[in-house]
Each structure stands twice: as C-alpha cells, then as structure tokens.
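Peer 1: Let me begin by handing over the structure; questions about it come next.
The values are calculated or read from the model by the stated rules, or taken from the named source; none is laboratory data. Treat the numbers as computed from the prediction; the structure is a model and nothing was measured. Here Cβ is always computed from backbone atoms with ideal geometry, including for glycine, and neighbour counts include all displayed protein chains. The accessibility values were calculated without ligands, DNA or RNA, using every heavy atom of the protein model including side chains. Shrake-Rupley method; radii C 1.70, N 1.55, O 1.52, S 1.80 Å.
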Amino acid sequence: MEFKIKGIVFDMDNTLLHSSIDFGAMKRDIYAFLCSHSILPPGLSMDTHTTSTVIAEAMNTGQLSEELSCMMWDIAKELEIQGMMGAKLEDGAMELVQQLHGQLHLAIVTNNAVEAAMTALEENRIAHYFDLIVGREAMGLLKPAPDGYMAVLRHFHHTSPEEWLSVGDAWVDGKASESAGIPFIAYRGDIAKMNRMGVFPFAEIQDIQEVLGYLQPHITK
C-alpha cells in the first residue's frame, strides 16, 4: 500500500470475540417495540434491515421520545449482556493483538453498549491492549453509518483515513469503514451480500492472523 499504516480498527462481535448475541431476535424485538408505539409502520422488510438501520429509521421519524429511546436501548442491552456471557476470543485474536500492541494504534468500534463490550473484553484480558474502544454511546448513528470510525479519526487526529485498516465480519462494518475512507478487510464475511450492499472489501481473510500479511513493512515481527 502506498500509505504507511498507523492503526487498525477492529469490529468486536465475531471478529475479535465469538459471541452468541441473537441479532435476529434483537432486530425483531426492537422493530416490534417500535411498531407497538406507532414509531414505525408494519411491513418493513427485515431481510434488508439490521438492528441499526431499524433504529435509524425510527430516529429519522422525529417521534422517538427520550423515554421510548431508553426502553428501546434496554432491549438491545439485555440481549447483548446475555450474548456476551462466556464469550471467548476468536482463534488467534489474542496473539495478533499482542503482536500489534505498541506498534500500531489499536481501536475497536462496536454497535454494542460500551459496558457490555468492556465486560467481555476484560473477562478475556484483552481490553488493555486497545488505545480506544468506541461503543454506541459515542456515535450519533450506528454502523453502517461511519460515526464510530470518524470518532477514531478525530481521536487520532494526526492520522489520515488512508493510514488505517479496518477488520470486520459484516457488511455494516464495511459500509461504515469505507464511508469514513478507511480500507476494509472482510473477516469470514458474506462477500456476495457485502457486494449487494455496496461494500467492496480491500481484502478477504479467513484467519484473523492473515491481517499481518497486509501490514508488512509497517510492523516488525
């Protein structure tokens, strides 16, 4: 790559941590809640929506009160906490992060509540390797909006988007990353779906340690 890589942004769920969060149930439950309060109409296609895009639709109506917003996020938080219980690291994630620590800026951008994220990361003794952990509280809009990645760029204001790589498993990670100008590496992702959603990864990997192949000569062994 023509730019010197200075940092990596990781997604968390099913990229660093193998969690069992039921994202399908989260999407359905939040949508049902929003319909029951007449915030959203019935009949939205759940095939083309994620939890974050359903929430974005609700926010765009201007009808989501602070009280209803808190209730909506409580639904998500409960499922996140349940799904994070006993979550283990993806194979090779600890070794990768240990090797990169001190050589590159390391950040996490997750749509999860930062409390749930930190609990799981600390249980796996990996949290302290990261310079910045951005949860949904720090975003105006969740992924696939680029807000979380823009927060990383603001924090490391001496860097440019081209000096970063991001790694994630889902199209929303890629869309958010690419919208912020950061090249995206798909980790065990559904590439056909990513392409349908307008996401075209810089690279595809099946083993998290394959990231190292895109970092030479930016790091030492």
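Peer 1: Students often check this: by mean Cβ neighbours within 10 Å, which of 161-174, 206-219, 45-58 ranks highest, and how do the rest follow?
Peer 2: The most tightly packed comes first, giving 161-174, 45-58, 206-219.
Peer 1: Please compute, over every Cα-Cα pair in region 16-91, the percentage with a separation greater than 16 angstrom.
Peer 2: Working: 1440 of 2850 pairs.
Every Cα pair in region 16-91 considered, those over 16 Å come to 51 percent.
Peer 1: Counting only protein heavy atoms and a 1.4 Å probe, tell me what percentage of region 146-187's accessible area is made up of carbon and sulfur.
Peer 2: 56 percent
Peer 1: Express the relative contact order of the chain as a whole percentage, based on alpha carbon pairs under 8 Å and six or more residues apart in sequence.
Peer 2: Worked out over the chain, it gives 25 percent.
Peer 1: By average Cβ neighbour count within 10 Å, what is the ranking of 195-203, 135-143 from highest down?
Peer 2: 135-143, 195-203
Peer 1: Give the long-range amide H neighbours of V134: residues separated by 5 or more places, or on another chain, with amide H under 5 Å away, using H modelled in the peptide plane at 1.01 Å from N.
Peer 2: Distant-sequence amide H within range of V134: I108, V109, T110.
Peer 1: Quick one: Karplus J couplings for region 6-18, per residue in order, coefficients 6.51, -1.76, 1.60, θ = phi - 60°, nearest Hz, x for Gly and Pro?
Peer 2: Listing the rounded values in order: 10, x, 10, 9, 9, 5, 9, 5, 6, 10, 9, 10, 8 Hz.
Peer 1: For the chain: lysine pairs with Cα atoms under 24 Å, gap of 8 or more or different chains, count?
Peer 2: Value for the chain: 17.
Peer 1: Moving on. Rounded to two decimals, what ratio of Rg to Rh does region 132-196 give with C-alpha atoms and a Kirkwood Rh?
Peer 2: Reported Rg/Rh (Cα atoms, Kirkwood Rh): 0.97.
Peer 1: Still on this model: Could you check which residue among N14, N60, N124 shows the biggest mean-square fluctuation in a GNM of the chain with a 10 Å Cα cutoff?
Peer 2: N60
Peer 1: Over the heavy atoms of T119, what accessible area does a 1.4 Å probe trace out, to the nearest 10 Å²?
Peer 2: Probe radius 1.4 Å; accessible area of T119 about 70 Å².
Peer 1: Another question, then. On the principal axes of its Cα set, how long, how wide and how thick is the chain? Give whole Å, largest value first.
Peer 2: 55, 34, 32
Peer 1: Principal axis lengths of region 98-164 from Cα atoms, whole Å, largest first?
Peer 2: 31, 29, 15
Peer 1: Looking at the chain, what % of its DSSP beta bridges pair antiparallel, to the nearest 5?
Peer 2: Around 10 percent antiparallel, to the nearest 5.
Peer 1: HN-Hα J couplings of region 180-192 from phi, Karplus 6.51/-1.76/1.60, θ = phi - 60°, integer Hz, Gly and Pro as x?
Peer 2: Result, ordered by residue: 8, x, 9, x, 10, 10, 8, 9, 6, x, 7, 5, 4 Hz.
Peer 1: Tell me the carbon and sulfur percent of the accessible area for region 31-136, rounded to whole percent, probe radius 1.4 Å.
Peer 2: Percent of accessible area from carbon and sulfur atoms in region 31-136: 51.
Peer 1: Okay, next question. Can you show me the helix-derived [θ] at 222 nm for the chain, built from DSSP H runs with n ≥ 4 at -39,500 (n - 2.57) apiece and divided by the number of residues, rounded to the nearest 500.
Peer 2: It lands at -11500 deg cm²/dmol.
Peer 1: Measuring with a 1.4 Å probe in the full set of protein chains, what accessible area per residue, in whole Å², belongs to region 1-76?
Peer 2: For region 1-76, the per-residue accessible area is 50 Å².
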